[in-house]
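Colleague: My structure is below; once you've seen it, I'll send some questions.
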Amino acid sequence: MAEQHRARILIVGAGSMGIITGYHLGLAGANVTFLVRPHRAEALSRPQILYCYDDNKLKEYKDYSYITNPTEIIGTNYDFIVITLDGASLRNETGLSLVKTIGEAARQTNTKIILGSVFFDVRAWFLQASGLADERVTNGHLDIHVYSPKDVTLPINPPTDPELISKADFAYTDRLGQGFTVDDSSPAVAEAFAKIYNANGISKCVVKSALECAVEINPLFPVFAACELLGWPKLQDISDKGEIWSLVVASVKEIQGLSIHGELGQQAAGATTEASLAASLAAWEKHMLPLDLQAFNRFHHGKKLKAQGREHLRACLSYGAAEGKPMPALKELLRRVEDHEVTAA
């Protein structure tokens, strides 16, 4: 009997998203290779230790290989390439060069692309830069919350074991019902990837409409911007912040109402109130325990992905201008955040 085909998956980047995605794909039986910068090779030469908040235990991840030269992917027939670079890194000079190499490699094969870089309309940019056909590429994002304890120490809530966390390369929690989401920009790519991922038995990949993903993700960025202005208060307290909170809610509604978000966005904008947004954020924070969500967000969105967050808000303003929508609340929020950044520096 012929041995069952092991999906060959290249993951671009071995940071938080890359490692935890690779871990679950490995559990699913996939053959995982990481493409990393040379300085990451030493860390990958030993097993990765993962701490899971959900069972308060350590996991060992070692069933992977890695390469450091992007040109090595040319002529290699991967089933999928999963790109885990953030939107800002993907679109800088180094990222653009890598995207062109990925395009060159994938054009010669049947390789499918999961674009895990969260940014406003990033798929259209990627298709143009890579030269790949529309049906080969779909968006994806990680719903698992993951970080490196070596980069940041988060407050400990019981029953989390600080000693175990101190031993981990990455700590994570998978509490949202799905660990990974792919959208239906290319339904065939999305369904094929979800089928592979879901064989892991412990974490779930779901397929959502591209519109639904955009309407869920894009309006979050004003919230993170306001949290930065306010010193990252607990989400349960953010609605007590008066005028800034009103500015946030107005900004969220402006983004939801952009034409790119379609009728679904219009419905979301109509349903969003100060009370409803405050309640949903407080519920998210409570649900993520024992992970301290705002301490995580402060590191992840306020430091690690800060540049991407700024660019995301500017992109929203650009789309608004193109649609003849001035978006005064978002414009004012961005001005305040940029002024705050200058003052803080």
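Colleague: Looking only at segment 36-80, filter to residues that are of a type in the set (D, E) and surrounded by fewer than 17 Cβ atoms within 10 Å (Cβ to Cβ); which one of those is nearest to I144 (Cα to Cα)?
Modeller: Checking each candidate, the answer is D54.
Colleague: Continuing with this model, one more query. Could you please give the count of residues in segment 67-116 that are over 22 Å from G26 (Cα atoms), assigned to a loop (DSSP other than H, G, I, E, B) and touching a residue at least 24 places away in the same chain (Cβ under 8 Å)?
Modeller: 6
Colleague: So which of G262, G201, G231, G257 ends up being buried (at least 17 other Cβ atoms within 10 Å of the Cβ) and either over 18 Å from G116 (Cβ atoms) or in contact with a Phe, Trp or Tyr (Cβ under 7 Å, 6 or more places away or on another chain) (or both)?
Modeller: Criteria check complete, one pass: G257.
Colleague: Right, here's the next one. Just to be sure, is D63 within 21 Å of the chain's Cα centre (by Cα) and acidic (D, E)?
Modeller: no
Colleague: Turning to a different aspect of this structure: Restricting the first residue to segment 140-163 and requiring it to be among the polar types (S, T, N, Q), which pairs with a second residue that is part of a strand (DSSP E or B) and surrounded by 15 or more Cβ atoms within 10 Å (Cβ to Cβ) meet a Cβ separation below 8 Å and a spacing of at least six or different chains?
Modeller: S148/F170; S148/A171
Colleague: Let me ask something additional. Any residue in segment 19-37 that's of a type in the set (G, A, S): show its pairings with residues that are surrounded by 23 or more Cβ atoms within 10 Å (Cβ to Cβ) and in a strand (DSSP E or B) at Cβ separation under 6 Å, as long as the two are six or more apart or on different chains.
Modeller: Hits for this filter: G22/I11; G22/V32; G26/V32; A30/I9.
Colleague: Is it true that I238 is surrounded by fewer than 19 Cβ atoms within 10 Å (Cβ to Cβ) and touching a Phe, Trp or Tyr at 6+ places or on another chain (Cβ under 8 Å)?
Modeller: no
Colleague: Then there is this: Can we say T138 is in contact with a Pro (Cβ under 6 Å, 6 or more places away or on another chain), at negative phi and either assigned to a loop (DSSP other than H, G, I, E, B) or in the same structural domain as G22 (by TED's automatic domain parsing) (or both)? Step through it out loud before you land on a result.
Modeller: Numbers: in contact with a Pro (Cβ under 6 Å, 6 or more places away or on another chain): no; at negative phi: yes; either assigned to a loop (DSSP other than H, G, I, E, B) or in the same structural domain as G22 (by TED's automatic domain parsing) (or both): yes.
No; evaluated as a whole, the condition is false for this residue.
Colleague: Something else about it: Taking only pairs six or more apart or across chains, which ones have beta-carbon atoms under 7 Å, a first residue in segment 267-296 that is buried (at least 18 other Cβ atoms within 10 Å of the Cβ), and a second residue that is of a type in the set (F, W, Y)?
Modeller: Pairs that qualify, where the first residue is buried (at least 18 other Cβ atoms within 10 Å of the Cβ) and the partner is of a type in the set (F, W, Y), are L291/Y53; L293/W284; Q294/W232; F296/Y147.
Colleague: Same structure, new question: Is there any pair with a first residue in segment 219-243 that is free of Cβ contacts under 8 Å to residues at least 60 places away in the same chain and a second that is outside any helix (DSSP H, G or I) and surrounded by fewer than 21 Cβ atoms within 10 Å (Cβ to Cβ) whose Cβ atoms are under 7 Å apart and which are 6 or more apart or on different chains, and what are they?
Modeller: Matching pairs, first to second residue: L230/K241.
Colleague: Got a sec? Which helices (runs of 4 or more DSSP H) wholly within segment 144-262 have at least 3 residues that are over 20 Å from the mean Cα position of the chain (by Cα), of a type in the set (D, E, K, R) and at negative phi?
Modeller: Qualifying helices (runs of 4 or more DSSP H): 243-256.
Colleague: Scan segment 25-49 for residues that are small (G, A, S) and in contact with a helix residue (DSSP H, G or I) (Cβ under 9 Å, 6 or more places away or on another chain) and jot them down.
Modeller: To start, the set of residues in segment 25-49 that are small (G, A, S) comprises 26, 28-30, 41, 43, 45.
Answer for segment 25-49, where residues must be small (G, A, S) and in contact with a helix residue (DSSP H, G or I) (Cβ under 9 Å, 6 or more places away or on another chain): G26, A28, G29, A30.
Colleague: While we're here: Evaluate segment 60-77: report whether one residue or more is basic (K, R) and closer than 27 Å to E311 by Cα.
Modeller: Scanning segment 60-77, I find no residue that is basic (K, R) and closer than 27 Å to E311 by Cα, so the answer is no.
The values are calculated or read from the model by the stated rules, or taken from the named source; none is laboratory data. Computed from a predicted model, the values in this text were never measured in an experiment. A quick note on method: Cβ atoms are made from the backbone with ideal geometry, for glycine too, and the neighbour counts reach across all protein chains shown.
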